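The next block holds one structure in the form of structure tokens; read it before the comments.
Read-outs: derived from the displayed coordinates by stated rules, not from any lab. Computed from a predicted model, the values in this text were never measured in an experiment. Here Cβ is always computed from backbone atoms with ideal geometry, including for glycine, and neighbour counts include all displayed protein chains.
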Amino acid sequence: MRSAAAVVVFCLWPGLASASQYSSVYTAFDLSACRQIEAGDGFMYDGTWACNGYKDIDIVIASADARNFVAFGKDGMKHCAYRQTFTPLNDALSPVEWRLKDGKPIAAIERWRMVVDENGNTATWLVVSALRSGNSCHMHYVAGSFPQANAAARQAADSLAEGFNCETGTATVQSTAAPPPKLFFSCEELAKQ
């Protein structure tokens, strides 16, 4: 029997409403095929790209100091998610899984890889982002090592996305170990920094 201390779950959510239909679609991206919307500075900032996402939702990816920042929408550089990343060196990976409720996109799920030690070993986290008109933000993290991590990320997207407040909400976590290496700030707090 697994001890209670072995599993750390930082959130609980209500059961899903059975009347709605939830589904997924996937969008692969390759930065070399995306349009660059802001050039790098030749030092730490590599630039920002807009890649085709689901329907008219762009995947906006920036790279700075060997870390990625990803937002979802036409004005992604203005979104909260564009200011959110992990502390270690990291990459946001293709594809993006879009969670749909009755055909409408409510969340995006993306796997991120990050360096965890000086030997270059890596770990992954699934980032679940809430999609809003004019905004996107991180709302939930699932450790790649968490049992059935993909299913857990989908369940979080389906049950949390519509009620999550991008301005004041703080992301929740599912992990069998520690929370992800990042600072947990609401979008409102990030805007003040």
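Here the extension length gained between Ala64 and Met77 equals 3.3 nm, from 0.36 nm per residue of separation less the Cα-Cα distance. Using the Cα gyration tensor of region 133-183, with a ≥ b ≥ c the square roots of its eigenvalues, what is the shape: rounded (a/c below 1.5), prolate (a/b larger than b/c) or oblate (neither)? It comes out oblate by the Cα gyration axes.
Computed per residue of the chain from DSSP H runs no shorter than four, each worth -39500 (n - 2.57), the mean residue ellipticity at 222 nm is -2500 deg cm²/dmol.
Between Lys104 and Ser24, the contour length at 0.36 nm per residue exceeds the alpha carbon distance by 27.8 nm. If R0 equals 25 Å, the separation of the Cβ atoms of Ala39 and Asn119 corresponds to a calculated FRET efficiency of about 0.15. Net charge of the neighbourhood of Leu126, taken over other residues with C-beta under 13 Å away and scored Lys/Arg +1, Asp/Glu -1, is +2. Over 26 Å apart: what share of the alpha carbon pairs of the chain falls there, rounded to a whole percent? It works out to 29 percent of all Cα pairs. Modelled this way, with points 7 Å down the Cα-to-C-beta line, the labels at Asp56 and Gln193 are 3.3 nm from one another. Residues of region 137-166 falling in the label zone of Thr176, defined by backbone nitrogen less than 17 Å from a point 7 Å along Cα to beta-carbon, are 142-153.
Treating each Cα of region 96-193 as an identical point scatterer and summing with the Debye formula, the log10 of I(q)/I(0) at q = 0.25 Å⁻¹ comes to -1.34.
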